[in-house]
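Only the coordinates and a few stated rules stand behind these numbers; no lab work does. Since the structure is predicted, the reported quantities are computational estimates derived from the model, not experimental observations. Backbone-built Cβ (ideal geometry, glycine too); neighbour counts: all protein chains shown.
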Amino acid sequence: MGAHRCYCGWRSVEAGGDFVRILTTFFLAIIAITSGVVVLLGYFLPGIPLFAALRTAFLNWVMILAAMAVFVGIANLFSVHFQKLKIKKDAAYSVILLIFLAGTFILGLIVTPAGPAMDFLFSSIQIPIETSLLALLAVSLLYATIRLLRWRANFMSITFIITALIIFLGTAPLPFIGPLPFFSDWLRPIIVQVPAAAGARGILLGVALGTLMTGLRILFGADRPYGGK
């Protein structure tokens, strides 16, 4: 009996920790639900000054927190690439990224963000890079679809490859010809304005409904992402 260890104290500590965790989660749920209800009331009852002022204050706090989250992400980016420099893995790319990131940040502090210097950087570097990546994505997607036909040549795959070819032929400036008139003036507008627009609107409506349901679940306390779960 003398060698027997008693775990009663440990169990009481664990029970106290569970109680504190439950109390913290309950407190966070009250704050989240109250904030969401106040913001909704500020939108639906704009004639009440209290709700309108609280909604404005909460949205301003959210913008400040979002800006700080971006700052934390940039700091994490620096940390990751400094670690790559230490282990000499893709060091050249890390050096280029860090130099241009620091240079752009310092330039944004010195000059006006909407000034000609920043416009030159975006129009000469950012926009061409993004355009090249989108073009590469389109070609890679078309190539992957063609390879997919070797393994699964069903109706949807064939429809997708035909639609992509029509869009390419109606948009791409072919040498000495330009976009083919039959595709650019007739088939491409029909595809873009009818099925493509309908699909894009359906996706946006689905995203909106999913966001609404997620917000309602958080307001009712069914989901608690602020509790670390």
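Distance from the alpha carbon centroid of the range 109-139 to that of the range 151-166 works out to 34 angstrom. The local environment of residue 157, defined by Cβ-Cβ distances under 11 Å, has a net charge of +3 under the rule Lys, Arg +1 and Asp, Glu -1.
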